[in-house]
Amino acid sequence: MRMNCRHCFVAVTFLLVGISPHIIEAQTPILIENEEFKGDAQTAIDSLYNRNPDSAREILNPWMEQFPDHPLWTLWNGMELWWSVLNDLHNEQYDDEFFHVMRRADYEASQLLRNHRDHPDALIIRAIANGYTARHHSNREEWLTAANIGRRAYQAYSRLMEVLPSLPDNDFAEGMKRYYAAYIPENYPAVRAVSWFLPDGNREEGLELLQVASEEGVFARPEATYFLGNILLNYEGDYEKALLYFRQLVDQYPSNSYFRRLYVRTLHELKRYEELIVFSTESIEYMNDDSLPENMILLEEIYYWKGISQYQTGDMQNAIESFTQSYRIGQQLPNPDKRPIQALSAYHAGRTSERLNDVSQAEHFYEIVLNHDNSEEAKKRAKKRLEALQ
């Protein structure tokens with residue numbers, strides 16, 4: 001399973017979550033220039049990434065009570081929703097609420113900028129809100145909308161660079177810009193004709209800046225680490241390095257199932273089947289509450305990859321159990337007909353059944369695949385296998 005080009009459009013969003021100290025007076029306080037807030041916010045973001053939003057809010061609650069009208073809290077609502085969106089892109093139930101909250105955050109930030117020009121909080125809020133919004137429109141393959149909204153994020157980011165040039169997380173945004181400004185025209189010929197509108201890019205420099213941000217960034221640190229892993233996995237093909245970054249995220253945010261899924265996919269690319277089986281078993285035990293939707297999403301995918309690894313190592317009996325589990329769990333999730341893993345699990349369950357000399361069971365699974373519309377390749381292969389068996 002590979003990502004499509006949606007991540008390329010993240011380049012024009014320039015997601016920025018940086019905070020830096022500097023004190024000036026304003027009617028609306030500049031929270032990001034308060035050292036005490038900086039420490040609390042960093043801890044809260046770590047809690048949010050570790051899928052503990054209640055703990056994050058508890059940390060920020062004194063600030064929320066002291067400055068209840070600050071637009072940062074609307075943005076925070078959107079960042080909480082983001083994880084519900086990102087964890088399951090096949091489920092669209094949170095889309096409208098997410099877009100509404102992020103538009104509201106952008107509006108509140110624009111009102112703050114109207115009264116206090118170049119207010120750093122407002123610039124960061126606009127950059128983040130529009131960045132996440134553009135990123136999710138690209139997830140939905142709404143490319144023009146993503147580009148238009150991403151342009152607003154880029155404008156806010158550009159101004160922020162002028163207002164706070166020493167912002168410690170600037171390397172993240174600059175690294176994203178340089179990498180994708182080089183990658184997009186190199187790999188998408190249709191863009192080359194209009195590549196003049198893109199900023200100057202350099203893939204190597206972009207990766208170097210992201211590396212610095214992943215080590216020294218304050219708020220951008222987890223995002224920089226994630227995008228480094230994603231770029232190395234999906235665009236650079238450097239699976240060994242990608243694995244290191246995803247392992248770092250798993251260790252720091254063990255309750256974040258999204259990072260576990262990325263780690264498993266990378267292990268598969270490296271054909272480290274034994275390691276994948278061990279890590280999958282550990283993750284299944286760690287996420288032991290399979291009634292939580294987020295855990296079910298992890299289990300659907302991780303049982304699939306575990307089954308692939310068991311198949312590759314010749315453990316057919318356990319492989320068929322893993323593929324069956326993956327399919328069963330996915331059927332309980334929203335929109336199962338849109339989930340490619342459903343067809344893939346059923347197809348590989350059929351192949352495993354053939355290896356176990358259970359023809360009737362193999363035919364059963366292949367029929368399941370033919371009734372799905374979420375993987376044309378799986379359907380083609382299932383049809384071919386059925387014809388061979390009959």
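The values are calculated or read from the model by the stated rules, or taken from the named source; none is laboratory data. For clarity, every value in this text was computed on a predicted model and none was experimentally measured. Here the Cβ positions follow ideal geometry from the backbone for every residue, glycine too, while neighbour counts run over all protein chains shown. Surface accessibility is based on the protein's heavy atoms, side chains included, excluding ligands, DNA and RNA. Shrake-Rupley method; radii C 1.70, N 1.55, O 1.52, S 1.80 Å.
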Report task. Would you point out the residue of the range 104-162, among those that are open to solvent by 10 Å² or more (accessible area, probe 1.4 Å) and not in a helix (DSSP H, G or I), that is modelled with the lowest pLDDT? Result -> GLU141
Query raised in the report: (1) crowded, with 17+ Cβ neighbours inside 10 Å; (2) more than 26 Å from the chain's Cα centre (by Cα); (3) polar (S, T, N, Q): which one isn't true of THR313, the others all being true?
Result: (1)
Report summary line: Looking across the range 34-74 at residues that are in contact (Cβ under 8 Å) with a residue 40 or more places away in the chain, in a helix (DSSP H, G or I) and farther than 18 Å from LEU112 by Cα, the single one that is most open to solvent (accessible area, probe 1.4 Å) is GLN42
Report summary line: Within the range 232-281, the count of residues that are within 30 Å of SER55 (Cα to Cα) and not hydrophobic (A, V, I, L, M, F, W, C) comes to 17
Report task. Would you check if THR28 is out of contact with any Cys (no Cβ under 6 Å at 6 or more places or on another chain), over 29 Å from ASP251 (Cα atoms) and of a type in the set (Val, Ile, Thr)? Result -> yes
Report task. State whether one or more residues within the range 316-332 are within 25 Å of the chain's Cα centre (by Cα), farther than 18 Å from ILE368 by Cα and open to solvent by 40 Å² or more (accessible area, probe 1.4 Å). Result -> no
Query - Subset of the range 352-381 (residues that are open to solvent by 90 Å² or more (accessible area, probe 1.4 Å), over 19 Å from GLN317 (Cβ atoms) and part of a helix (DSSP H, G or I)) - result: GLU376, GLU377, LYS380, ARG381
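Residues checked against (1) of a type in the set (Gly, Ala, Ser); (2) closer than 29 Å to GLU275 by Cβ:
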{"residue": "GLU301", "(1), (2)": "no, yes"}
{"residue": "TYR304", "(1), (2)": "no, yes"}
{"residue": "TYR311", "(1), (2)": "no, yes"}
{"residue": "ASN318", "(1), (2)": "no, yes"}
{"residue": "GLY350", "(1), (2)": "yes, yes"}
{"residue": "ILE368", "(1), (2)": "no, no"}
{"residue": "LYS384", "(1), (2)": "no, no"}
{"residue": "ALA388", "(1), (2)": "yes, no"}
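Please determine, by comparing only the residues of the range 278-297 that are touching an Asp or Glu at 6+ places or on another chain (Cβ under 9 Å) and open to solvent by less than 30 Å² (accessible area, probe 1.4 Å), which one is nearest to ILE341 (Cα to Cα).
First, the residues of the range 278-297 that are touching an Asp or Glu at 6+ places or on another chain (Cβ under 9 Å): 284, 287, 293-297.
In the following step, the residues that additionally are open to solvent by less than 30 Å² (accessible area, probe 1.4 Å) were identified as 287, 295-297.
Details: MET287: 19, ASN295: 15, MET296: 13, ILE297: 11 Å.
The selected residue is ILE297.
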Query raised in the report: Tell me, which helices (runs of 4 or more DSSP H) wholly within the range 197-299 include 2 or more residues that are over 19 Å from the mean Cα position of the chain (by Cα)?
Result: 203-216, 273-286
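Can you name every residue in the range 312-351 that is part of a helix (DSSP H, G or I) and of a type in the set (Val, Ile, Thr)? Before the answer, list the steps.
In the first step, residues of the range 312-351 are kept if they are part of a helix (DSSP H, G or I); the result is 312, 316-331, 336-338, 340-351.
Within the range 312-351, ILE320, THR324, ILE329, ILE341 meet the criteria.
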Requested in this report: Search the range 166-209 for residues being open to solvent by 40 Å² or more (accessible area, probe 1.4 Å) and modelled with pLDDT of 85 or more, and hand back the single one that is nearest to ASN130 (Cα to Cα).
Outcome: ARG178
Report task. Specify the residue that is most open to solvent (accessible area, probe 1.4 Å); the eligible residues are those in the range 241-274 that are in contact (Cβ under 8 Å) with a residue 24 or more places away in the chain and among the aliphatic types (A, V, I, L, M). Result -> LEU270
Report summary line: Subset of the range 334-347, residues open to solvent by less than 10 Å² (accessible area, probe 1.4 Å) and touching a Lys or Arg at 6+ places or on another chain (Cβ under 8 Å), comes to ALA343
